[in-house]
2 protein chains.
Amino acid sequence: MATMTAEQRRSAAKAAHEEYMATCPTHQLLDIMSAKWASLILIELAGGTRRFADIGRALPSASAKMLTQTLRSLERDGFLTRSVTPAVPVQVEYTLTPMGASLIPLLAAAKDWADANIGAIHSARARYDADNA
Amino acid sequence: MATMTAEQRRSAAKAAHEEYMATCPTHQLLDIMSAKWASLILIELAGGTRRFADIGRALPSASAKMLTQTLRSLERDGFLTRSVTPAVPVQVEYTLTPMGASLIPLLAAAKDWADANIGAIHSARARYDADNA
DNA sequence: CCGCATCCTTGATGATACTG
DNA sequence: CAGTATCATCAAGGATGCGG
């Protein structure tokens, strides 16, 4: 069989697309930012260096485990730095890197759009739900 | 006991923060956009009206189920409209609403940032993994 | 062609308890 | 203070089959 079946073509297209998805910069960024606490942490750090407990107080609904996990992930990707001060008790401080800081305007733009359109979204949602009651 | 215990204060703060999270426009937008296929669909529709099967071909790695689910969700929130042409077989077309279209520049900004910084992210990741080997 | 229903797997999140 | 470890939960996503 020198030619591919329709099935094979679909399969190849799917594999190629998955490959693309895995490397697409935009999609990778979306993945990073869509972590439940990532954007909140970046916004908190936009106000300056913070200690672990400070972040915990700013985000009371996040468990310590999730804070650690998200902070580690953001550190790994170069959005922030973690510095430990050997004292008793230890002090750990988190600070945005220049790259992390450069993302703040994007978050601000998202906030502006959200503030401007959230009303319309809620209206659309209510209308949709009413029409499909 | 006229005053709250430390435990009660923490609990209250947590409840208040969860309330805030549920109403924060920015966070709601992040929720919508972080649906695995939402941004890809919006980008595809930015090129004009598309039929269901067209979108499926553009995103081969998405199952039909997820396409339907994501499209419904975006329709409900007013990002796009769905119109059915009663024929045999039926034709279903999806088009961005003005609000949906207004989100495209934001996605473009995210893409620009991602393209500019994805290299740095990968470097940071490699360095982090090497340091913690 | 389009989409719903069902079953199932898996990763993300949370609660709790313990350590340097 | 700043985690780590473990267990439990739950919703998102994927596979498959049927129906208008």
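I'm trying to understand the selection: among the residues of the stretch A:50-65, which are closer than 28 Å to B:A109 by Cβ and at pLDDT 95 or above? Listed by number, the residues that qualify are A:R50, A:I55. Being at pLDDT 95 or above, out of contact with any strand residue (DSSP E or B) (no Cβ under 6 Å at 6 or more places or on another chain) and either more than 9 Å from every other protein chain (Cβ to nearest Cβ) or open to solvent by 60 Å² or more (accessible area, probe 1.4 Å) (or both) holds for only one residue in B:A120, B:A101, and it is B:A101. In the condition set (1) more than 11 Å from every other protein chain (Cβ to nearest Cβ); (2) surrounded by 16 or more Cβ atoms within 10 Å (Cβ to Cβ); (3) within 30 Å of B:L96 (Cβ to Cβ), A:L71 is compliant with all but (3). Restricted to the stretch B:74-98, and to residues there that are under 13 Å from B:G48 (Cβ atoms) and crowded, with 17+ Cβ neighbours inside 10 Å, the residue that is nearest to DNA strand C (Cβ to nearest atom) is B:Y94. For the stretch B:24-42, residues that are away from DNA strand D (no atom under 16 Å from the Cβ) and either out of contact with any Asp or Glu (no Cβ under 6 Å at 6 or more places or on another chain) or closer than 11 Å to B:T95 by Cα (or both) total 2.
Among the residues that make up the stretch B:29-49, is at least one of them over 25 Å from B:P105 (Cβ atoms), more than 9 Å from every other protein chain (Cβ to nearest Cβ) and within 15 Å of DNA strand C (Cβ to nearest atom)? No. The set of residues in the stretch B:69-88 being within 11 Å of DNA strand D (Cβ to nearest atom) and touching a helix residue (DSSP H, G or I) at 6+ places or on another chain (Cβ under 8 Å) consists of B:T70, B:S73.
The values are calculated or read from the model by the stated rules, or taken from the named source; none is laboratory data. Here the structure is a predicted model, which means the values were calculated and not measured. Every residue, glycine as well, gets a Cβ built from its backbone with ideal geometry; the counts of neighbours run over all protein chains shown. Areas reflect the complete protein model, heavy atoms only, side chains present, ligands, DNA and RNA absent. Shrake-Rupley method; radii C 1.70, N 1.55, O 1.52, S 1.80 Å.
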